[in-house]
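Trainee: One structure is given below, represented as structure tokens, and several questions about it will come after.
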Amino acid sequence: MRPLLWIPAAVVALAATTVACGTGGDPGAPATTATQAATPPDDQLDLGATVDVRLILEPVSLNPFATSGVAVDQLLLDNVYEGLVSADTADGDKIVPRLATSHEVSPDGLSYTFTLTPDAKFHDGSALTSADVVWSLQQQIAPGSKGLRAAEFASVAAVSAPDPTTVKVDLKQRDTFLLWNLTQRGGIVYKKDTDFATLDAEENGSGPYTIANWNRGADITLARNDAYWGAKPKNAKVVLHYIPEPSAANNAQTTGQTDVQTAADATLLQPFTANPGFTVLRGTTTDKFTLALNNKRAPFDNPDVRHAFRQAINKEDVIAAYGAGIPIGGPVPPQDPWYTDLTGTDAHNPEGAKALLAKAGHAGGLAVTLDIPNVYPRAIADVLVSNLKQVGVTLTVRQVEFPTWLTRVFTNHDYELSIVDHAEARDIGNYAKPDYYFGYDNKQVQADYAAARAAASDGERDELLRKVAKQASDDAATDWLFVNQTHTVVRTGVYGVPSAETTNRFPLSGIAVGK
């Protein structure tokens, strides 16, 4: 589902402050932002510790080449697999070196040359060379590629390896997204001739962890790769416990079954606030809780109906029910450089919604079905049921397992309305894909997005992407309920826990346990 550059730290801080205003207050309000204690020196740490972490959504497969779902990225990126570059979520999504120690861009922007670290190895012990990088990128750009992110590399004309530590990427046209796309799933470097179908049974990444065990339906264990070429993890093992139910996750954290609880329910933080045994970290996210409106299926093929639904829904009600978040009014979170506040478009207006429904021929009422993965709180859907009832819409809620959602909604487009957390960073390109599950098809948006990718400067790109975002909002391509703000509960004595954008990237090697 997924697919950047970065926003100044001051703006990120401003966004964090704004979020606190939309929480609904009282006992359900999020905890005050806490500062994570600095990680002590290694001689004060238990470097042989096992860290237990609660996550929500388990991957349906460990094959990152073709498997949909952000849970794959959260687990594997920078932990098991690596790319030439990475994104530092703790520093405003700054693009940083990874397997490539440096890179150069030609003056015309049509050629990128990467210099690889000479020390990287795959988990089977073989050296990682430029030949592996070339092969991996060729799998993305090959005609008919099955790569989930293949479309992101359409600008690549050729990839070559002048020597074992140098990779040259030549472009058909400038691509202002190339480096960012290389930080994501499509930039993973696999061993040459990898059979992707085998990766569920045996991974072979180059990252700081290997997959030691997958207990399907419960947990995944990562073990430290002691032969890792870079800085060694500050823990020996990490067990990722997939616990979707918020109360069960709270119980696991309070009873010591987990050391870290990611995505804690903002309305259930009372056991951890003002408790010396825990710290609650608040972090920015790119998690856009999106109400998908199937543009290719009645009644949502009518723009008046889409605008009516947007105006019927009170985003502040939704945020209060969820416990934290900020309204955005469009497809871009505040972290992205092309963000603009679009909350004035289709603002809450029940009477306006009724008038639009009447104009569309539904003055007597309308009945629709909402498909929502059962990993999300029912309270979100309950608000929609209530809000839409006020304008004459009967909403039937159908909760489904996430794999069912992937097949029915995302792949087969068999739905009317759906809610999903689009956690992927800088994924505005989805609105330029007419075959995406939204069914949104606007030729000007597609042209502006293509021009943005080929822009001569970041400023030109950003201005074009602001146009894309505004047009998608003006067309009511979907509805954007809110951008989430995540809460991570950390047991005292545990250090180095990521707190920003933890849904789409969760680097584990810096997590440490004191002696």
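The values are calculated or read from the model by the stated rules, or taken from the named source; none is laboratory data. All figures in this text were calculated on a predicted structure; none of them were measured in a lab. Note: ideal-geometry Cβ built from the backbone for every residue, glycine included; neighbour counts use all protein chains shown. Heavy atoms of the whole protein, side chains included, go into the accessibility calculation; ligands, DNA and RNA do not. Shrake-Rupley method; radii C 1.70, N 1.55, O 1.52, S 1.80 Å.
Trainee: Those residues that are of a type in the set (A, V, I, L, M), crowded, with 18+ Cβ neighbours inside 10 Å and out of contact with any helix residue (DSSP H, G or I) (no Cβ under 6 Å at 6 or more places or on another chain), I need them from segment 224-243; list them, please. Walk me through how you get there before you give the answer.
Mentor: Just the residues of segment 224-243 that are of a type in the set (A, V, I, L, M), to begin with: 227, 231, 236, 238-240, 243.
Next, from what is left, pick out any that are crowded, with 18+ Cβ neighbours inside 10 Å: 238-240, 243.
Answer for segment 224-243, where residues must be of a type in the set (A, V, I, L, M), crowded, with 18+ Cβ neighbours inside 10 Å and out of contact with any helix residue (DSSP H, G or I) (no Cβ under 6 Å at 6 or more places or on another chain): V238, V239, L240.
Trainee: Could you count how many residues in segment 93-121 are under 26 Å from the mean Cα position of the chain (by Cα), within 29 Å of A212 (Cβ to Cβ), of a type outside the set (A, V, I, L, M) and in a loop (DSSP other than H, G, I, E, B)?
Mentor: Of the residues in segment 93-121, 1 are under 26 Å from the mean Cα position of the chain (by Cα), within 29 Å of A212 (Cβ to Cβ), of a type outside the set (A, V, I, L, M) and in a loop (DSSP other than H, G, I, E, B).
Trainee: Take segment 263-287 and flag every residue that is assigned to a strand (DSSP E or B) and either touching a Pro at 6+ places or on another chain (Cβ under 6 Å) or of a type in the set (F, W, Y) (or both). Reasoning before the result, please.
Mentor: The first filter runs over segment 263-287 and keeps only residues assigned to a strand (DSSP E or B), leaving 278-283.
Residue satisfying the conditions is F278 alone.
Trainee: Out of all the residues in segment 369-378, is one or more closer than 17 Å to A308 by Cα, in contact with an Asp or Glu (Cβ under 7 Å, 6 or more places away or on another chain) and surrounded by 15 or more Cβ atoms within 10 Å (Cβ to Cβ)?
Mentor: Pass one, segment 369-378, residues closer than 17 Å to A308 by Cα: 369-370.
Those left that are additionally in contact with an Asp or Glu (Cβ under 7 Å, 6 or more places away or on another chain): 369.
If we keep only those that are surrounded by 15 or more Cβ atoms within 10 Å (Cβ to Cβ) as well, we get none.
No, the conditions are met nowhere in segment 369-378.
Trainee: Then there's this: Please determine whether any residue of segment 57-66 is modelled with pLDDT under 90, among the aliphatic types (A, V, I, L, M) and either under 19 Å from A423 (Cα atoms) or surrounded by fewer than 19 Cβ atoms within 10 Å (Cβ to Cβ) (or both).
Mentor: no
Trainee: Restricted to segment 122-144, and to residues that are in a loop (DSSP other than H, G, I, E, B) and at negative phi, which residue is most open to solvent (accessible area, probe 1.4 Å)?
Mentor: The initial filter retains those residues of segment 122-144 that are in a loop (DSSP other than H, G, I, E, B), namely 122-126, 128-129, 142-144.
From the residues that got through so far, the ones that are at negative phi too are 122-124, 126, 128-129, 142-143.
Values: F122: 7, H123: 46, D124: 84, S126: 30, L128: 10, T129: 42, A142: 39, P143: 133 Å².
Restricting to residues being in a loop (DSSP other than H, G, I, E, B) and at negative phi, the top hit is P143.
Trainee: Could you tell me which of the residues A201, A212 is open to solvent by 40 Å² or more (accessible area, probe 1.4 Å) and touching a Leu at 6+ places or on another chain (Cβ under 7 Å)? Talk me through it step by step, then tell me what you get.
Mentor: Working: A201 fails: touching a Leu at 6+ places or on another chain (Cβ under 7 Å).
Within the list A201, A212, the selection yields A212.
Trainee: Can I ask one more? Among the candidates S111, S106, S86, which residue alone is in contact with a helix residue (DSSP H, G or I) (Cβ under 6 Å, 6 or more places away or on another chain) and under 22 Å from S155 (Cβ atoms)?
Mentor: Details: S111 fails: in contact with a helix residue (DSSP H, G or I) (Cβ under 6 Å, 6 or more places away or on another chain); S106 fails: in contact with a helix residue (DSSP H, G or I) (Cβ under 6 Å, 6 or more places away or on another chain).
The unique qualifying residue is S86.
Trainee: From R491, R426, R453, R466, which residue is buried (at least 20 other Cβ atoms within 10 Å of the Cβ), in contact with a Ser or Thr (Cβ under 9 Å, 6 or more places away or on another chain), at positive phi and charged (D, E, K, R)? Outline the logic, then answer.
Mentor: Numbers: R491 fails: at positive phi; R453 fails: at positive phi; R466 fails: at positive phi.
Going through R491, R426, R453, R466 in turn, just one is buried (at least 20 other Cβ atoms within 10 Å of the Cβ), in contact with a Ser or Thr (Cβ under 9 Å, 6 or more places away or on another chain), at positive phi and charged (D, E, K, R): R426.
Trainee: Same structure, new question: Taking the condition of being closer than 16 Å to L417 by Cα and open to solvent by 20 Å² or more (accessible area, probe 1.4 Å), how many residues in segment 307-345 meet it?
Mentor: Summing the residues that are closer than 16 Å to L417 by Cα and open to solvent by 20 Å² or more (accessible area, probe 1.4 Å) in segment 307-345 gives 2.
Trainee: Could I ask something else about it? Testing V19 on (1) open to solvent by 70 Å² or more (accessible area, probe 1.4 Å); (2) at pLDDT below 90; (3) assigned to a helix (DSSP H, G or I), one condition comes back false. Which one is that?
Mentor: (1)
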